[in-house]
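To start, the structure under review is shown below, and the notes come after it.
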Amino acid sequence: MRKCGKTALLIEGARRVGKSTVVEEFARNEYKSYILIDFSKAARSVRELFEDDFMKIDPTGKLSLLFDAIPAQLNKNASRYQVSSVLEGDRADTVLELITELKASRTVLVSYHASDPNAGVSNSKNLSRFKMFLSDTGLFTTLMFKDRDFTENEIYEKLLNDKLNAGLGYLYDNMVAQMLASNGNELFIIPF
């Protein structure tokens, strides 16, 4: 039976867990031929087509600022993302469309406050009270230390060996949010 190649496969998951290796091994074992497109070796013009550039979505730069501030916001250990500390003069209810764009980009996870922990918790969510997490903890780690002179490998090595000199509670919060979301759970914050 000849396969017509009318389907595509999208593999999503955390960084550096072997997705590309598994897919290439599968292709090597199951097909006579396959094409491997490695964006790390692709021409710059090709890579630019696939970059996560928020300026294309929001030329004002507000979206980029909201995204870049996620680690700092989580580090504050506040009950919610404080928009006014990132965008002076704006409040959460004035940037709901931008938050929706961030969520739609699949780069962030949004956890909304909800007032009723019963089965209909999603019916009581408050769209203007939320926390944001990055959907990729590797990217979160890189964003945490983007102003430091580390390479990604040094950061991960120190994290894995428990030698990173930082309060990591907010990193673990992001990891838990990513794990919950990757298992199909919607994220909520229920204040006590």
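Extension gain, LYS103-GLU88: 0.36 nm per intervening residue step, less the Cα-Cα distance, totals 3.2 nm.
Extension gain for the segment ASN185 to LEU96, taken as residue separation times 0.36 nm less the Cα-Cα distance, is 29.9 nm to one decimal. From most to least packed by mean Cβ count within 10 Å, the peptides 182-189, 81-88 give 81-88, 182-189. Once the chain from THR21 to ARG44 is taken as fully extended at 0.36 nm per residue, the excess over their C-alpha distance is 6.0 nm. Derived value for the stretch 53-189: Kirkwood hydrodynamic radius 15.8 Å. Basis is the mean of 1/r over every pair of different alpha-carbon atoms. Residues in the stretch 58-65 carry Karplus couplings, in order, of 9, x, 6, x, 4, 4, 4, 5 Hz; the curve used is 6.51 cos²θ - 1.76 cosθ + 1.60 with θ = phi - 60°, and Gly or Pro positions show x.
Taken together, the values in this text are just the output of simple stated rules run on the coordinates, not laboratory data. On a predicted model such as this, the values are computed, not experimentally measured, just so you know. Please note: Cβ atoms are built from the backbone with ideal geometry, for glycine as well, and neighbour counts cover all protein chains shown.
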